[in-house]
Amino acid sequence: MMIRCVVTLLFLVMPLAALAGSVSERLNQFLAHEAETTVGIWVRFVDKGLDGEDLQAALERESHRLTDKSLARRARVAGPGQDVVDTRDLSLAESYLNQVLATGAEPRRQSRWFNAASFNATESQIRSIARLACVEQVDLVARFRRALPGQEAEDSADDRIHEKSQAKAGAIHYGGTRGAADLINLPPVHAQGLSGQGVIVAVLDAGYVLTHASFQHLSILDQWDFVHDDGNVQWEPGDHEWQDHHGTQVLSTLAGFSAGNLIGTAFGASVILAMTEDTGDETIIEEDNWVAAVEWVEALGADLITSSL
């Protein structure tokens, strides 16, 4: 099977290290230099815990979990005779997860495709997890550090203001986005009636202001907040004040439509929205929410994924 959305899946997989307890070299080095009480880890398992008739029955069940759109997309890109559902689609073995939980590690996310789950764990818990027969390797949840963003410089008046008399292509009034549209020769495409109809785009970002005027036409097929684990990707009390800024900007550039003000490149597309980044914790960006979101939107039939990291 070939699982292909238009996205580069940046999951940092380290080669198996010849180290005692199958703890990756990267994680060992981290534990040697960091004094954190707990650390985010990936636990990769040896298999899905199934074989024979049980395996075949599980694969059949999974084929019904995926949407028709997802199965059709997979079939288009799979070679002749290739299966569109395989062991990568199966849930993780519950007995394996329970063995890890018995060490006291705190669960975070699960990845079917990588046969791995992420946990918060102490060093002693990590060593115990690595000794489990069902565990292939324990690795560090990838992270990087960056400075807090400064105040963004305001656009110049020339960049912000475009004459409405120049903001028309066919029946579409582009307003302030006419310059960007012309830069990629977009108006002739829209004039042919091409605006993303029939395409599902998944957006992985921070939150979204869905009450914005340019989103009132938008077809939102599903949404999930992977930061708080709920179905609301808009700003909520307790969120950072910038939580819904960047995602709104990206979504409006893609799919916004407000005649005379803002026209997105693919305003006719349907979208699936995932909130994967907590802007209140900008010094550490972690990967497991992103991995979980990618697997979720693929199963829902997303054709494309746009992700701002």
Among the residues of segment 63-73, is there at least one that is out of contact with any strand residue (DSSP E or B) (no Cβ under 7 Å at 6 or more places or on another chain), part of a loop (DSSP other than H, G, I, E, B) and within 30 Å of GLU34 (Cβ to Cβ)?
no
Test VAL141 against the stated conditions and say whether it is buried (at least 18 other Cβ atoms within 10 Å of the Cβ) and modelled with pLDDT of 95 or more.
no
Go through the residues of segment 48-63 one by one and say whether even a single one is under 20 Å from VAL291 (Cβ atoms) and surrounded by fewer than 16 Cβ atoms within 10 Å (Cβ to Cβ).
no
Cβ-Cβ under 6 Å pairs, at least 6 apart or on other chains, segment 109-121 side more than 24 Å from GLU34 (Cα to Cα), far side of a type in the set (Phe, Trp, Tyr) and open to solvent by less than 40 Å² (accessible area, probe 1.4 Å)
ASN115/PHE45
For residues that are charged (D, E, K, R) and either assigned to a loop (DSSP other than H, G, I, E, B) or open to solvent by less than 40 Å² (accessible area, probe 1.4 Å) (or both), tally how many sit in segment 104-124.
2
If you take the residues in segment 93-143 that are touching a strand residue (DSSP E or B) at 6+ places or on another chain (Cβ under 6 Å) and of a type in the set (Gly, Ala, Ser), which one is nearest to SER22 (Cα to Cα)?
ALA130
Residue count for segment 267-309, restricted to those that are of a type in the set (A, V, I, L, M), surrounded by fewer than 20 Cβ atoms within 10 Å (Cβ to Cβ) and more than 14 Å from the chain's Cα centre (by Cα)
1
Would you say ARG127 is in a helix (DSSP H, G or I) and modelled with pLDDT of 90 or more?
yes
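The values are calculated or read from the model by the stated rules, or taken from the named source; none is laboratory data. Since the structure is predicted, the reported quantities are computational estimates derived from the model, not experimental observations. So basically every Cβ, Gly included, is an ideal-geometry build from the backbone, and we count neighbours across all protein chains shown. These area figures cover heavy atoms from the full protein model, side chains too; ligands, DNA and RNA do not enter into them. Shrake-Rupley method; radii C 1.70, N 1.55, O 1.52, S 1.80 Å.
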